[in-house]
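This report refers to the structure that appears directly beneath it.
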Amino acid sequence: VPAETGPRGFAISPDGRFVAFTTTDTFGGEDTYNPAGLIDPPKPTVWLMPTTAGAEPRKVGPGIAPEFSPDGQMLIWRHEKDLRKLNISEQSGPDSVLVPGGAAFGDIVWTHDHKAMIFVSHRGGYDFIGRYSLGADRVEWLVTGVERLAAPVLSPDGTRLAYVRLNGREHTKVYDFTQSEPMAVAVLDLASGQSKTLWSSRDEALGEPQDGDTTLRWSGDDRLVFSSEHDGFLRLYAIALAGGEA
């Protein structure tokens, strides 16, 4: 790892054979800190490195947020407006664009057949959830509206998508981003397109888990576990798809 920059966000391939990471710290998108006032400041760069002893890292190119596809065949990352890819089997070859405009895909979740990705599209105060099938000429919008959406996660059988719903933000109002806020847990049936709310809070509830995992996760195909601090303490709760008390 280049000592002068240090590794930042990193990912490990599913088979453990590769590590991807970025160098240079950023503060939103690909903008970097530049305390030295350099005319040409360091740019965030994606690297790929085999985990075998003595291996050397490969400088893939500019970009941020590297991650591997679930089958481990592709490294994907964001650069400018696009989602780019590198085929791991051709790691010495050139990279290419996977999805034009795909840099706007956030919280990417791959479908179980690895042929599509579900993502959150952040639109400034509100969000949509979309699905993009590789090679398609358009995005299919699964959840729309004026609320903010987060933490999408597929059920083990791949038929449902759970997500967290938050109030939308008004552009003329100043918010305290350190303050917790009300939240709801919702589930989308991917076959019917119908979404339902399983649980919602009246008071501030959203709290980040301390284990570095997601706010929302499945426990089997019929139960969800989520973190909330609506009683003043951060706890884990479980709720059945049939509803009832969390």
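Kindly provide the set of residues from region 57-78 that are farther than 19 Å from G29 by Cα and either touching a strand residue (DSSP E or B) at 6+ places or on another chain (Cβ under 7 Å) or open to solvent by 30 Å² or more (accessible area, probe 1.4 Å) (or both), ordered by number. If the condition is that a residue be farther than 19 Å from G29 by Cα and either touching a strand residue (DSSP E or B) at 6+ places or on another chain (Cβ under 7 Å) or open to solvent by 30 Å² or more (accessible area, probe 1.4 Å) (or both), then P57, R58, K59, F68, S69, P70, D71, Q73, M74 are the ones that fit. The single residue among K43, K81 that is touching a Gly at 6+ places or on another chain (Cβ under 6 Å), closer than 27 Å to Y132 by Cβ and surrounded by fewer than 19 Cβ atoms within 10 Å (Cβ to Cβ) turns out to be K81.
Candidates are the residues of region 185-224 that are modelled with pLDDT of 90 or more and touching a Pro at 6+ places or on another chain (Cβ under 8 Å); the one that is surrounded by the most Cβ atoms within 10 Å (Cβ to Cβ) is W218.
Where strands (runs of 3 or more DSSP E) fall entirely within region 129-227, those with at least 2 residues that are more than 18 Å from the chain's Cα centre (by Cα) are at 183-189, 195-200. Residue by residue through region 84-121, note down the ones that are of a type in the set (D, E, K, R) and over 26 Å from W141 (Cβ atoms). Listed by number, the residues that qualify are E90, D95. Candidates are the residues of region 94-124 that are closer than 19 Å to G72 by Cβ and outside any strand (DSSP E or B); the one that is modelled with the lowest pLDDT is D95. Scanning region 1-22 for residues that are modelled with pLDDT of 90 or more and either touching a strand residue (DSSP E or B) at 6+ places or on another chain (Cβ under 7 Å) or open to solvent by less than 40 Å² (accessible area, probe 1.4 Å) (or both) turns up A11, I12, S13, P14, G16, R17, F18, V19, A20, F21, T22. Would region 80-97 turn up any residue that is closer than 27 Å to E147 by Cβ and touching a Lys or Arg at 6+ places or on another chain (Cβ under 8 Å)? Within region 80-97 (the criterion being closer than 27 Å to E147 by Cβ and touching a Lys or Arg at 6+ places or on another chain (Cβ under 8 Å)), the answer is no, since none of the residues qualifies. So which residues in region 122-175 are among the small types (G, A, S) and open to solvent by less than 70 Å² (accessible area, probe 1.4 Å), if there are any at all? Answer for region 122-175, where residues must be among the small types (G, A, S) and open to solvent by less than 70 Å² (accessible area, probe 1.4 Å): G124, G125, G130, S133, A136, G145, A150, A151, S155, G158, A162, G168. A residue that is open to solvent by less than 20 Å² (accessible area, probe 1.4 Å), hydrophobic (A, V, I, L, M, F, W, C), closer than 19 Å to L154 by Cα and touching a residue at least 24 places away in the same chain (Cβ under 8 Å) occurs nowhere in region 85-92. Tallying residues that are outside any strand (DSSP E or B), under 23 Å from the mean Cα position of the chain (by Cα) and touching a residue at least 40 places away in the same chain (Cβ under 8 Å) within region 228-246 yields 1.
The values are calculated or read from the model by the stated rules, or taken from the named source; none is laboratory data. Remember, it's a predicted structure, so these values are computed and weren't measured experimentally. Positions of Cβ are backbone-derived with ideal geometry, glycine not excepted, and every protein chain shown enters the neighbour counts. Areas reflect the complete protein model, heavy atoms only, side chains present, ligands, DNA and RNA absent. Shrake-Rupley method; radii C 1.70, N 1.55, O 1.52, S 1.80 Å.
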